[in-house]
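Peer 1: This is the structure, below, for whatever I ask next.
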Amino acid sequence: MSTTTKQDTFKTINPTTGKEITSHTYMTDDQVEESIQQSHKAFLKWKMKSIEERGEIIKSIGKELQNYKKELAELMTDEMGKLLSQSSQKVDLFMFSKYLLLMDTKKPLKKVAF
């Protein structure tokens, strides 16, 4: 499958100011295919990890994201036009949802009838 575009790049625009934040180069078909293959390989490894291992990985990602909370909030504000306080709350909400997910993994699995 081949995709043709008229441009090699696209811009990220701050919706509040209308100013360009950055530009990105479109991936080639080969780059997309390679990314898909790498993602599949990562999934095959991930699905073999225990719930506890997955929990520890998610927890470490959460801690690292928290280290960049200010930068993430600023980026969300620039890209989505949100207030900085709202973006900061979004980062916190994301972290809290992952915490709840981790708490849920400690419960035994139940059969669900459909």
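Peer 1: Kindly indicate whether any position in region 51-66 is surrounded by 12 or more Cβ atoms within 10 Å (Cβ to Cβ) and modelled with pLDDT of 90 or more.
Peer 2: The answer is no; no qualifying residue exists.
Peer 1: Only residues in region 51-79 that are hydroxyl-bearing (Ser, Thr, Tyr) count as the first member; pair them with residues that are in a loop (DSSP other than H, G, I, E, B), Cβ under 8 angstrom, at least 6 apart or cross-chain, and list the lot.
Peer 2: Hits for this filter: THR77/LEU83.
Peer 1: Can you pull out the residues in region 43-95 that are under 28 Å from PHE10 (Cα atoms), under 16 Å from the mean Cα position of the chain (by Cα) and acidic (Asp, Glu)?
Peer 2: Those that are under 28 Å from PHE10 (Cα atoms), under 16 Å from the mean Cα position of the chain (by Cα) and acidic (Asp, Glu): GLU71, GLU74, GLU79.
Peer 1: Specify which of the listed residues (LYS41, LYS47) is of a type in the set (Lys, Arg) and at pLDDT 95 or above.
Peer 2: Numbers: LYS47 fails: at pLDDT 95 or above.
None of the others qualify; the one that does is LYS41.
Peer 1: Okay, next question. Test MET95 against the stated conditions and say whether it is at pLDDT below 75, part of a helix (DSSP H, G or I) and of a type outside the set (Asp, Glu).
Peer 2: Details: at pLDDT below 75: no; part of a helix (DSSP H, G or I): yes; of a type outside the set (Asp, Glu): yes.
Spelling it out, it is not the case that MET95 is at pLDDT below 75, part of a helix (DSSP H, G or I) and of a type outside the set (Asp, Glu).
The values are calculated or read from the model by the stated rules, or taken from the named source; none is laboratory data. All of these numbers come straight from a predicted model, not from anything done at the bench. We place every Cβ from the backbone using ideal geometry, glycine too, and count neighbours over all the protein chains shown.
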